[in-house]
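In what follows, a structure is listed as structure tokens, so that the remarks can point back to it.
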Amino acid sequence: MDKTPNDLENKVALVTGASSGIGRATALSLSRAGLRVAVGARRLDRLNLLSDDAPGHVTALHLDITDAASVDGAVTRVLEEYGRLDVLINNAGLMLNGPILGADIREWKRMVETNLLGSMFAAHAALPHLVESRGHLVQVSSTSGRIASLGSGVYSATKFGISAFTESLRQEVTAQGVRVTLIEPGFVSTELTTHITDPAMRAAASEIGASMRTLKADDIAEAVLYALRQPDHVAVNGILIRPTDQVR
Ligand code: NDP
């Protein structure tokens, strides 16, 4: 049995939600590892800055994950430019925590369309190419995909949904050599909480962040790289990674 680590040199990856946080750190880390990387998000200016910082070739793509045509277009661009797709880091996401009572349901719609449906669109568009390359799909969920808590009902519902979808997909494609990894981070210091519109929830998130040694986006990038580096016969199906100081 081949025990040599997977040679990532020149493999082709698409990272969604790479304009900040975990996606940005992961894209840079993949570039350092020798992959050719395409990055997608709505803030193209940020993606262009990322391309400048990356050691290898990085292609910046405007991508709105909630729009199936935009997702298909981004995958097509990757195929046109590189001729293959080996890795999808399905990471774009949004957290708009708040009470259910009296919620602005437009925020629910945005979360479901971004985190759940958008993530499904990306998996759907990439899958035929991942089957062809016997590639790797990395699904970014959350500890909120295992434990719901007060104020995170809808965000948690989207992340529980990602976990269910991921396990079903894993069973569907593993025999075709496609490896599927679910990443479940706890609290990571990124922009994620700054988009919360409920002032009390935003303050609470900021207090939680200040009360512990949080994870850094690079910590998640390293976990992703660990999964990708395993030899072909080893499928790391899940990585649950919390700050040591995070209890739940
Ligand atoms: P950030 O807010 O820093 O990053 C979110 C990324 O998603 C941005 O690049 C943003 O790009 C992108 N995004 C949002 N909406 C869309 C859209 N419609 N189309 C395309 N891209 C979009 O947060 P994180 O890095 O923390 O989050 C990344 C993932 O990690 C998310 O799925 C999040 O749920 C998950 N996660 C984060 C944790 C944390 O504590 N930070 C913990 C557990 C999981 P742009 O706005 O430019 O489109």
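Read-outs: derived from the displayed coordinates by stated rules, not from any lab. Predicted model only: the values in this text are computed from it and were never measured. Cβ sites come from the backbone with ideal geometry, for glycine too, and all protein chains shown count toward neighbours.
Spatially, region 45-60 and region 188-221 are offset by 25 Å when compared through their Cα centroids. Taken as Cα centroids, region 1-37 and region 100-159 sit 21 Å apart, rounded to the nearest whole angstrom.
Where in the chain lies the longest segment free of GluC sites (Glu not before Pro) that are both loop residues by DSSP (not H, G, I, E, B) and have at most 13 other Cβ atoms within 10 Å?
Longest gap between qualifying sites, sites excluded: 10-190.
For the chain, a crude dipole built from +1 on the beta carbon of Lys and Arg and -1 on the beta carbon of Asp and Glu, taken about the Cα centre, is about 340 debye to the nearest 20.
Add +1 for every Lys or Arg and -1 for every Asp or Glu among the other residues with Cβ under 13 Å from the Cβ of Ala205, and state the total. Kindly include the intermediate steps, with their values, before the conclusion.
Working: positive: Arg202; negative: Glu191, Asp198, Glu207.
Overall, the nearby charge balance is -2.
Taking the C-alpha atoms only, the angle from helix 217-229 to the longest principal axis of the chain is near 30 degrees. Qualifying trypsin sites (Lys or Arg not before Pro) in region 1-92, where qualification requires a DSSP coil assignment and no more than 11 other C-beta atoms within 10 Å, comprise Lys3.
If you fit an axis through the alpha-carbon atoms of helix 199-210 and take the longest principal axis of the Cα set of the chain, what angle between them do you get, 0 to 90°, nearest 10? Between helix and principal axis, roughly 60 degrees.
What is the sum of charges, Lys and Arg at +1 and Asp and Glu at -1, for the other residues whose Cβ falls under 14 Å from the Cβ of Thr158?
Result for the local shell: +1.
Among Phe165, Pro128, Gly73, flag the residue with its Cα farthest along the positive direction of the charge dipole of the chain, charges on Cβ as +1 for Lys/Arg and -1 for Asp/Glu. The Cα lying farthest towards the positive end belongs to Phe165. Counting beta carbons within 10 Å around each of His233, His129, His62, His136 and listing the fewest first gives the order His233, His62, His129, His136. Ordering Met111, Met212, Met120 from the fewest to the most neighbouring beta carbons within 10 Å gives Met212, Met120, Met111. For region 134-178, the Cα gyration tensor yields ellipsoid semi-axes of 26, 9, 6 Å (square root of five times each eigenvalue, largest first, whole Å).
With neighbour counts taken as other beta-carbon atoms within 10 Å, the residues Ile100, Ile196 rank, fewest first, as Ile100, Ile196. Classification of region 108-159 by its C-alpha gyration tensor yields an oblate form. The axis ratio a/c (a ≥ b ≥ c) is 1.5 or more, and b/c is at least a/b.
If I fit a long axis through the Cα atoms of helix 119-133 and take the longest principal axis of the Cα atoms of the chain, what angle between them do I get, 0 to 90°, rounded to 10? It is inclined by approximately 20 degrees. Near Leu182, the amide H atoms lying under 5 Å from its own belong to Gln139, Gly238, Ile239; only residues 5 or more places off or on other chains count, and H is placed 1.01 Å from N. Each Lys or Arg adds one and each Asp or Glu takes one away; over the other residues whose Cβ falls under 15 Å from the Cβ of Ser51, this sums to +2.
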